[in-house]
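Worksheet: one structure, shown below.
Nothing in this text is a laboratory measurement; each read-out follows from the coordinates by a stated rule. None of the values given here were measured: they were computed from a predicted structure. Note: ideal-geometry Cβ built from the backbone for every residue, glycine included; neighbour counts use all protein chains shown.
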Amino acid sequence: MSRRAIGWAAGAAAAVLVAAGAVTYAVADSGSGAGSGAGSGDGRAAQRTPSADSADAGFARDMAVHHQQAVEKSYIVRDHTKDEDVRRLAYDIAQTQANQRGMLLGWLDLWGLPKVSADPPMTWMGMGGMVTAKDGSLMPGMATNTQMKKLATLNGKQAEIFYLQLMTNHHKGGIHMAEGCVAKCTVGVEKRLAQGMVDAQQSELQVMAGMLKERGAEPLS
């Protein structure tokens, strides 16, 4: 995989972060407006703050957890390979998703909503009863505890392949969740961030497919 292709994916991820920075300020502004807009008479201020059981809050909570595992996987592989392309990709993913996770949790703070819920993950997508947590895999695409431990035992090409396989599944699950927010969330800036996640992760999926092919490997079934 050429550095140009990896740079293209990194550029897409960076664009998401730039947009997300604007998103954070916009949400902060709308949050402060909600407290002072009661006398506006148009009712729009109250609508800016989602409820605890909304898709907006559910996506923020669940994607924050989903992103955290991607960060953990990425830092593991950076310590277990010397391949510059994989290390660069892992660093880009870790930085992008750590920043996005911070913003998702920050929104919950701005909205005055809890960061955890008694409801099962994916309830906001109508999948709360269908997603069964198995060995630490709480949501679509997440690796199991066993897989995380295995990644930590591998080195070199084996670590690269397993990381790319796990991250491919992780991105597919993340895209599914982000598309759910695009369809169900009501806060415009959050919907736009979710669409940015879809676009950036789809480009990274193409990069990772090429990197797996270069290593004579395929995605996990």
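Can you bin the range 121-221 into rounded, prolate or oblate? Criterion: square roots of the alpha carbon gyration tensor eigenvalues sorted a ≥ b ≥ c, rounded for a/c under 1.5, prolate for a/b above b/c, oblate for the rest.
oblate
Tell me which residues come under 5 Å, amide H to amide H, from residue 137 once H is placed; ignore anything under 5 positions away on its chain.
145
If you find the alpha carbon centre of the range 133-173 and of the range 82-125, how far apart are they in angstrom?
The range 133-173 and the range 82-125 have Cα centres separated by 17 Å.
How much FRET efficiency would the formula 1/(1 + (r/R0)^6) give for residue 221 and residue 145, where r is the Cβ-Cβ distance and R0 is 30 Å, rounded to 0.05?
Calculated value: 0.90.
Taking the dipole about the Cα centre of the range 148-191, with the C-beta of Lys and Arg at +1 and of Asp and Glu at -1, give me whichever of 183, 164, 148 is farthest to the positive side.
It is 148, whose Cα lies furthest towards the positive end.
Karplus couplings for the range 49-57 from phi (6.51 cos²θ - 1.76 cosθ + 1.60, θ = phi - 60°), rounded to Hz, Gly and Pro as x?
In residue order, the calculated couplings are 9, x, 8, 5, 9, 7, 5, 4, 6 Hz.
In whole Hz, what ³J(HN,Hα) sequence does the range 63-73 give by Karplus (6.51, -1.76, 1.60; θ = phi - 60°), x for Gly and Pro?
Here the 3J(HN,Hα) series is 5, 5, 5, 4, 5, 4, 5, 4, 4, 4, 4 Hz.
Hey, what do the phi angles of the range 179-196 turn into as Karplus ³J(HN,Hα) couplings, whole Hz, using 6.51/-1.76/1.60 and θ = phi - 60°, x for Gly and Pro?
Values per residue, Gly and Pro as x: 5, x, 5, 4, 7, 10, 5, 10, 7, x, 5, 6, 4, 5, 5, 4, 5, x Hz.
When the C-alpha atoms of the range 50-138 are aligned to their principal axes, what extent does each axis show, in angstrom, from largest down?
45, 31, 15
Mind putting a number on the dipole of the range 103-220 about its Cα centre? Charges go on the C-beta only, +1 for Lys and Arg and -1 for Asp and Glu, and I need it in Debye to the nearest 20.
Charge dipole, the range 103-220, about its Cα centre: 180 debye, nearest 20.
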